[in-house]
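Working notes for the structure below.
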Amino acid sequence: MTIRNPIEWGWAQLTHAASALSAAGPSLHHIQETFHSPAPAVRRISIGDVRDALARGFDDFGAFRTDVVFLCVFYPVIGLVLARLTFSNDVLPLLFPLASGFAIVGPFAALGLYEMSRRREQGREVVWTDAFNVLHSPASGAIAILGLMLVAIFLLWLAAAWGIYRVTLGPEAPASIASFAHDVVMTQAGWTMIGVGMGVGFLFALLAMSISVVSFPLLIDRDVGLDTAIRTSIRAVRENPVPMAVWGLVVAAALVAGSIPLFAGLIIVMPVLGHATWHLYRKLVPR
């Protein structure tokens, strides 16, 4: 028994996306032109700024409720498909790692929401189709590469999660859902898997947040290089450890809450977090 199917599927998508990117000459040329572009300043923020970003995210969600619900209805669908994939392919131990992957790839999935918040901030009329304008951005190549990086981190997380399962409760497959749940919560090995898994998962989530929380909004907002965007994002996290830790906990808690009722809560959670990320970026990087 292996995690071959989900990993190979993800790797195939990664390869196809990379091939498509290699054919995008203008985007790649733009990446080369903007390499080592000047880095913007980074502000120090407070926990109050995080709360304000969330409040603004809720406000944007209220303004775009119909549009973003239409755009984000596929999030719970993806969650249910992943859950079904897990059960049907007998890789039950990967259910939680797959669900928690929203925290890793979420910043990439929220690109359209950043664009909607940006346009509203400018006082422009916004419709749901504006979310797709990021596809025509000069930075689309850099955005795609950064998205591929998050997908690669997600796949590595799945591999790590499977390895943790094998050395704790594995290597045999669970006999049933009930027996797996019992082993997870009622055995020492199960608690070890939970503890180690949470620790390792935190490191993957921290890496993903560090390189992406500011990068995607910055690439949409300004003509900067991919390396500059990533360095700016890492610097923003490094210089604001407590507020960004609070932000990470809020994101994790919201995604867990949104995933519990058959992933349906993600229809609200994902757009609110997406819009809030844009406003957090505004607070971290001055205009």
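The values are calculated or read from the model by the stated rules, or taken from the named source; none is laboratory data. All figures in this text were calculated on a predicted structure; none of them were measured in a lab. Note that we place each Cβ from the backbone using ideal geometry, even for glycine, and neighbour counts take in every protein chain shown. With ligands, DNA and RNA removed, areas are computed over all heavy atoms of the protein, side chains included. Shrake-Rupley method; radii C 1.70, N 1.55, O 1.52, S 1.80 Å.
For Phe96, the conditions (1) part of a helix (DSSP H, G or I); (2) crowded, with 17+ Cβ neighbours inside 10 Å; (3) at pLDDT 85 or above; (4) not aliphatic (A, V, I, L, M) all hold with the exception of (3).
Asp67: of a type in the set (D, E, K, R), more than 18 Å from the chain's Cα centre (by Cα), surrounded by 18 or more Cβ atoms within 10 Å (Cβ to Cβ) and at pLDDT below 65, yes or no? Criteria met by Asp67. Scanning segment 160-177 for residues that are modelled with pLDDT of 90 or more and small (Gly, Ala, Ser) turns up Ala160, Ala161, Gly163.
With the requirement that a residue be open to solvent by 20 Å² or more (accessible area, probe 1.4 Å), under 21 Å from the mean Cα position of the chain (by Cα) and modelled with pLDDT of 85 or more, what does segment 112-137 give you? If the condition is that a residue be open to solvent by 20 Å² or more (accessible area, probe 1.4 Å), under 21 Å from the mean Cα position of the chain (by Cα) and modelled with pLDDT of 85 or more, then Arg118 is the only one that fits.
Hey, among Pro138, Pro174, Pro107, which residue is assigned to a loop (DSSP other than H, G, I, E, B) and closer than 22 Å to Val214 by Cα? Going through Pro138, Pro174, Pro107 in turn, just one is assigned to a loop (DSSP other than H, G, I, E, B) and closer than 22 Å to Val214 by Cα: Pro138. Pairs are defined by a Cβ separation below 9 Å, a sequence spacing of at least 6 or placement on different chains, a first member in segment 164-185 that is farther than 14 Å from Pro97 by Cβ and in contact (Cβ under 8 Å) with a residue 24 or more places away in the chain, and a second member that is open to solvent by less than 40 Å² (accessible area, probe 1.4 Å) and part of a loop (DSSP other than H, G, I, E, B); the pairs so defined are Ala173/Val91.
With respect to the conditions (1) out of contact with any helix residue (DSSP H, G or I) (no Cβ under 8 Å at 6 or more places or on another chain); (2) at pLDDT below 80, Arg51 lacks only one, and its number is (2).
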